[in-house]
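S.K.: There's a structure below that I have some questions on.
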Amino acid sequence: MKVYKIYPKGFASNSYILTQDGLNAVIIDCAQPSVLEECVKLNLIPRFVLLTHGHYDHIGGCAMCYNVGTEIICSKEEEQIVYHPFNKDFGCDLNFKINKHVSDGEKFSLCGIDFIAIATPGHSVGSMCYIAEDCLFSGDTLFFESIGRWDLPTGNGRQLEQSIKKLFSLPKDYVVYCGHEDNTTLSHEKINNAYVRP
């Protein structure tokens, strides 16, 4: 599996383009329309967008992808956040539909890539993390030596702490592809993250 990290232009999240066959792609958090442009440059067809959560800085490119046939996936609990007035206030284009929901512990395959969904509420009510091979896509739950905020709609600090401990309890180490800033690893965060201890 090849992972392309797309840094935001201005304020938005990191996006990740995953491909197994060099032709079809899964996008983790389509933050901006430029993510679709990157797929075109890479000669990849964006078949699916997996949302870690529904805040405007993670979904800004979803409408453009949806218009070319990309399916949008998130947790059922998070769909209410995707269409929350909070996102409209920031001018986010919400002219797309959620095609499918995933639930905690669900195993599924997209474009030849096997995923496991992990429910991690706290940053928002339906936040999800995704495992694919040796990668953990953490959205705004876990960052390099930091954690997500919980003061936005449906955020909950106690839930966030429990969700991070849930990630720390995973039986192996993973490279953590965060929603913002640099990558990290679970093993590094267990030792160095001052906000949550295993």
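The values are calculated or read from the model by the stated rules, or taken from the named source; none is laboratory data. Only a predicted model underlies this, so the values are computations on that prediction, with no experimental measurement involved. All Cβ positions, even for glycine, are placed from backbone atoms using ideal geometry, and neighbour counts span all protein chains on display. For the accessible areas, the whole protein counts, side chains as well, though only heavy atoms, and no ligand, DNA or RNA atoms are used. Shrake-Rupley method; radii C 1.70, N 1.55, O 1.52, S 1.80 Å.
S.K.: Report whether or not Lys100 is free of Cβ contacts under 8 Å to residues at least 12 places away in the same chain and over 17 Å from Cys178 (Cα atoms).
M.R.: no
S.K.: Same structure, new question: Take region 158-193 and flag every residue that is under 20 Å from Asp57 (Cα atoms) and either of a type outside the set (A, V, I, L, M, F, W, C) or open to solvent by 40 Å² or more (accessible area, probe 1.4 Å) (or both).
M.R.: Tyr177, Gly179, His180, Glu181, Asp182, Asn183
S.K.: Additional query: For region 131-145, indicate whether the set of residues that are closer than 24 Å to Thr19 by Cβ, open to solvent by 70 Å² or more (accessible area, probe 1.4 Å) and modelled with pLDDT of 95 or more is non-empty.
M.R.: Looking through region 131-145, at least one residue is closer than 24 Å to Thr19 by Cβ, open to solvent by 70 Å² or more (accessible area, probe 1.4 Å) and modelled with pLDDT of 95 or more.
S.K.: Kindly evaluate Val49 against the criterion of being farther than 19 Å from Met1 by Cβ, modelled with pLDDT of 95 or more and either of a type in the set (A, V, I, L, M, F, W, C) or touching a Phe, Trp or Tyr at 6+ places or on another chain (Cβ under 6 Å) (or both).
M.R.: Here the answer is no, as Val49 does not meet what is asked.
S.K.: Tell me which residues, restricted to region 30-56, are open to solvent by 10 Å² or more (accessible area, probe 1.4 Å) and closer than 23 Å to Phe90 by Cα.
M.R.: Matches in region 30-56: Gln32, Pro33, Ser34, Leu36, Glu37, Tyr56.
S.K.: Asn87 versus (1) in contact (Cβ under 8 Å) with a residue 24 or more places away in the chain; (2) surrounded by fewer than 21 Cβ atoms within 10 Å (Cβ to Cβ); (3) among the polar types (S, T, N, Q): which is the lone unmet condition?
M.R.: Single failed check for Asn87: (2).
S.K.: Counting only residues that are within 22 Å of Lys76 (Cβ to Cβ) and of a type outside the set (Asp, Glu), give me the strands (runs of 3 or more DSSP E) lying completely in region 90-198 with at least 3 of them.
M.R.: Values: elements: 100-102, 107-110, 113-119, 128-132, 135-139, 175-178.
Those strands (runs of 3 or more DSSP E) span 100-102, 107-110, 113-119, 128-132, 135-139.
S.K.: For region 120-130: of the residues being under 15 Å from Gln80 (Cβ atoms) and hydrophobic (A, V, I, L, M, F, W, C), which is surrounded by the most Cβ atoms within 10 Å (Cβ to Cβ)? Steps first, please.
M.R.: Here is the first cut: in region 120-130, the ones under 15 Å from Gln80 (Cβ atoms) are 121, 123-128.
With hydrophobic (A, V, I, L, M, F, W, C) added as a condition, the list becomes 125, 128.
Working: Val125: 19, Met128: 29.
Among residues in region 120-130 that are under 15 Å from Gln80 (Cβ atoms) and hydrophobic (A, V, I, L, M, F, W, C), the one surrounded by the most Cβ atoms within 10 Å (Cβ to Cβ) is Met128.
S.K.: Could you look through region 108-119, keep only residues that are touching a residue at least 40 places away in the same chain (Cβ under 8 Å) and more than 13 Å from the chain's Cα centre (by Cα), and pick out the one that is most open to solvent (accessible area, probe 1.4 Å)? Even if it seems obvious, please write down each step before you answer.
M.R.: So in region 108-119, the residues touching a residue at least 40 places away in the same chain (Cβ under 8 Å) come out as 110-113, 115, 117-119.
Those left that are additionally more than 13 Å from the chain's Cα centre (by Cα): 110-113.
Working: Leu110: 11, Cys111: 33, Gly112: 57, Ile113: 2 Å².
Going through the qualifying residues, I end up with Gly112.
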